[in-house]
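Engineer: Can you keep this structure in mind? I'll have questions shortly.
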Amino acid sequence: MSSLLVTDIKGLTGTHSPNVLVLRGTDLSDLPTVSDAWLLIEHGLIKDFGRMTDLATHNLKLTTQISVKGKYILPAWCDSHTHLVFPASREEEFVMRIKGRSYEEIAKADGGILNSARKLQSATEDELFENAFYRLDQVIKLGTGAIEVKSGYGLDYESELKMLRVIRRLKETVPIPIKATFLGAHAYPERFKSDHESYLKILINEILPQIADEKLADYIDVFCERGFFSLDETSRILEAGAKYGLKGKVHANQLSATGAVEMAVKHHALSVDHLEMMNNDALQSLKNHDTIATLLPACSLFLDISFANARSLIDHNIAVAIASDFNPGSAPSGNMNLVVSLACMRLKMLPEEAINAATINGAAAMELSQNYGSISRGKAANFIVTKEISSLAYLPYSFGSNLIESVFINGKIY
Ligand code: NIG
Ligand code: FE
C-alpha cells in the first residue's frame with residue numbers, strides 16, 4: 001500500500017471540513033489549524049490527520065514516515081488566473097514605463113498584448129510548450145498545486161488553437177490539475193482595430209466551435225475594458241461561450257469601472273478578476289451572487305495602479321480569491337508566496353484570509369474545491385511543507401524569502 005505518515009507537524013493548516021467549498025465574509029479569516037499534528041496520506045489522498053498525542057501507530061506498519069518538527073503544512077496554492085503560455089518576456093516595456101509611459105499608451109502603440117501576439121504567432125507549439133513547462137515547473141516548486149492558464153496571445157484561429165493545445169499538453173504532462181481558459185478576446189489584432197465585427201465573427205463562428213470540438217477549453221474570458229472589448233462585445237462573447245458550456249472568468253474593472261463586473265455577474269461568470277477600479281454598482285452586483293472576486297495584487301504592484309479594495313468586498317460578504325496573473329506584461333511572476341504577502345501588505349488581508357483566498361477560494365474559482373484547496377479527508381494530498389518558522393504569519397511577513405522546504409503533489413514529493 002502506498003502510504004505516507006507525516007509526524008510532528010508544528011501546525012497543520014487549512015483543515016477545513018470537506019463540505020466547505022468557498023469562504024466569504026467573516027468566515028474568510030477562519031483558517032483551522034491543528035498544532036503538533038500528524039497527517040496520513042494513502043494513494044495520493046489525504047486519509048486522516050490528528051494530534052500527535054492521539055496518534056495510534058500500531059496499524060501503520062507499512063507507511064513511510066517523515067518528521068517535520070518546527071514546520072507547518074498548508075494546502076498547495078491554487079492559482080486561478082495565469083497567462084503562463086507566452087513566447088517571450090517584455091522587459092523593454094517595463095523600462096518604457098519606468099521612463100513614464102503608461103500601460104495603456106504602450107498598448108495603443110502596438111506594444112503590450114499585440115507585442116506578445118506577434119511573437120506567439122511565429123513560435124512553434126514545441127517552443128511554447130518548453131517555455132511554459134519551465135515556468136509551470138518553477139511555480140509548482142514554489143507551492144502551486146492547481147492552476148488556471150489562459151490563451152489570448154494568439155489572436156487568430158491557428159494561434160489561439162496552438163496555445164490551447166499547448167495548455168492541453170501541459171495538462172497531460174504535469175501532475176497538478178490545470179484549467180484552460182479561452183481568451184481570444186484579449187485585444188483586437190491590428191487589422192481588426194476598426195472592424196471589430198469581423199474579429200468577433202472569427203472568435204464566435206470559427207474558433208469557438210473548433211475549441212468545443214477538441215474540448216480544448218474549460219472557461220471563456222474577455223478583457224472587458226476601454227480600448228479593448230466593450231460591454232456589448234463582452235456580452236456577445238460570454239453568450240457564445242455559454243452555448244458551448246463555457247463559464248466566464250472575466251478581466252473586469254482593471255483600468256476603469258464601466259460596468260464589466262455587472263455584465264459578468266449577469267452572465268453568471270464563475271469569477272471576475274482584477275477589480276482595481278470598483279464602484280458601488282459593481283459591488284452591489286456581486287452581493288448575493290456566486291461569482292468570485294479574484295484579486296491580482298502583483299499586477300497592481302508591477303503596473304503601479306490601484307490595489308483592489310479587498311476589505312470592502314469581504315465586508316459585503318463577497319467570496320474573494322487571490323491569484324498571480326502571471327504574464328509577461330503586467331505581472332511577470334507566478335510566485336504565489338509573494339501574492340499572499342502582497343495581499344496582506346497592500347490589500348490589508350489578514351494572513352489567514354490571504355491563505356484561504358489563495359487556497360480554498362482559488363480552488364473554488366476553478367471549480368476544484370471539492371478535491372483541492374484544503375487539508376481535508378478525501379482530498380488530493382497537494383500540500384506545502386514550510387521551513388522552520390515561528391508562526392504562520394511569519395510566512396507573508398517574511399516577504400521575498402523562500403520559506404518552502406518541499407511541495408507534495410498527490411502525496412509525492414515534487
Ligand atoms: O491580466 N489585462 C489584461 N491581460 C493581462 C495583461 C496581459 C499583457 O499585458 O500581456 C492582465 O493584466
Ligand atoms: Fe490576466
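The values are calculated or read from the model by the stated rules, or taken from the named source; none is laboratory data. In this text the structure is predicted, and so the values were computed from the model without any measurement. Glycine gets a Cβ as well: all are built from the backbone with ideal geometry, and neighbour counts include every protein chain shown. Accessible surface is based on the protein model in full, side chains and every heavy atom, while ligands, DNA and RNA are left aside. Shrake-Rupley method; radii C 1.70, N 1.55, O 1.52, S 1.80 Å.
Engineer: Please determine, in degrees from 0 to 90 and to the nearest 10, the orientation of helix 157-173 with respect to the longest principal axis defined by the Cα atoms of the chain, where the helix direction is its Cα long axis.
Structural biologist: Rounded to the nearest ten degrees, it is 10.
Engineer: Gaussian network model of the chain, Cα springs within a sub-10 Å range: biggest mean-square fluctuation belongs to which of 98, 314, 292?
Structural biologist: Looking only at 98, 314, 292, the largest GNM fluctuation is found for 98.
Engineer: Just the accessible area per residue of the stretch 78-364, please: how many Å² with a 1.4 Å probe? Display every interim value, and only then the final one.
Structural biologist: Details: 10320 Å² over 287 residues.
On a per-residue basis, the stretch 78-364 sits at 36 Å².
Engineer: To the nearest 10 degrees, how steeply does helix 336-346 sit against the main Cα axis of the chain, on a 0 to 90 scale?
Structural biologist: Tilt relative to the chain: about 80 degrees.
Engineer: Taking the alpha-carbon centroid of each part, what is the distance from the stretch 308-345 to the stretch 150-218 in angstrom?
Structural biologist: Cα centroid of the stretch 308-345 versus Cα centroid of the stretch 150-218: 25 Å apart.
Engineer: Which whole-angstrom value gives the distance between the alpha carbon centres of the stretch 347-363 and the stretch 252-279?
Structural biologist: 20 Å
Engineer: Give me the percent of the accessible area of the stretch 89-208 that comes from carbon and sulfur atoms, probe 1.4 Å, all protein chains in place. Don't jump to the answer; show the numbers that get you there.
Structural biologist: On the way: 2620 of 5070 Å².
So the carbon and sulfur contribution to the accessible surface is 52 percent.
Engineer: Say the dipole of the chain comes from +1 at the beta carbon of Lys and Arg and -1 at that of Asp and Glu; which of 32, 167, 207 then lies farthest toward its positive end?
Structural biologist: 32
Engineer: Let me ask something additional. If you take every DSSP beta bridge whose two residues both sit in the stretch 78-364, what share of them, in percent to the nearest 5, is antiparallel? Could the numbers behind the result be given before it?
Structural biologist: Working: 1 of 25 bridges.
Roughly 5 percent of the DSSP beta bridges within the stretch 78-364 come out antiparallel.
Engineer: Which entries in 99/348; 119/249; 71/179; 69/348; 179/249; 379/412 show an alpha-carbon gap greater than 23 Å?
Structural biologist: Values: 99/348 30 Å; 119/249 25 Å; 71/179 31 Å; 69/348 31 Å; 179/249 11 Å; 379/412 14 Å.
From the list (99/348; 119/249; 71/179; 69/348; 179/249; 379/412), the Cα-Cα distance tops 23 Å for 99/348; 119/249; 71/179; 69/348.
Engineer: Go ahead and set up a Gaussian network model of the chain, Cα springs under 10 Å, then flag whichever of 87, 32, 351 fluctuates most.
Structural biologist: 32
Engineer: If one takes the longest principal axis of the Cα atoms in the chain, at what angle in degrees, from 0 to 90 and to the nearest 10, does the Cα axis of helix 231-243 lie?
Structural biologist: It is inclined by approximately 60 degrees.
Engineer: If you don't mind, there's one more thing I want to ask. Accessible area of the stretch 259-414 with a 1.4 Å probe: how many percent of it is carbon plus sulfur? Intermediate results must be reported in sequence, preceding the final value.
Structural biologist: Details: 2690 of 5440 Å².
C and S atoms contribute 49 percent here.
Engineer: Here's a follow-up. Positive end of the charge dipole of the stretch 77-161 (Lys, Arg +1 and Asp, Glu -1 on Cβ, about the Cα centre): tell me which of 122, 144, 102 has its Cα farthest that way.
Structural biologist: Value: 102.
Engineer: Let's see if you can work this out: charge +1 on each Lys and Arg Cβ, -1 on each Asp and Glu Cβ, no other charges. What is the dipole magnitude of the stretch 78-364 about its Cα centre, in debye to the nearest 20?
Structural biologist: Dipole magnitude for the stretch 78-364 comes out near 280 debye.
Engineer: Still on this structure, please answer the following. I'd like to know which of 241, 64, 82 lies farthest towards the positive end of the charge dipole of the chain, counting +1 on Cβ of Lys and Arg and -1 on Cβ of Asp and Glu.
Structural biologist: Of 241, 64, 82, it is 64.
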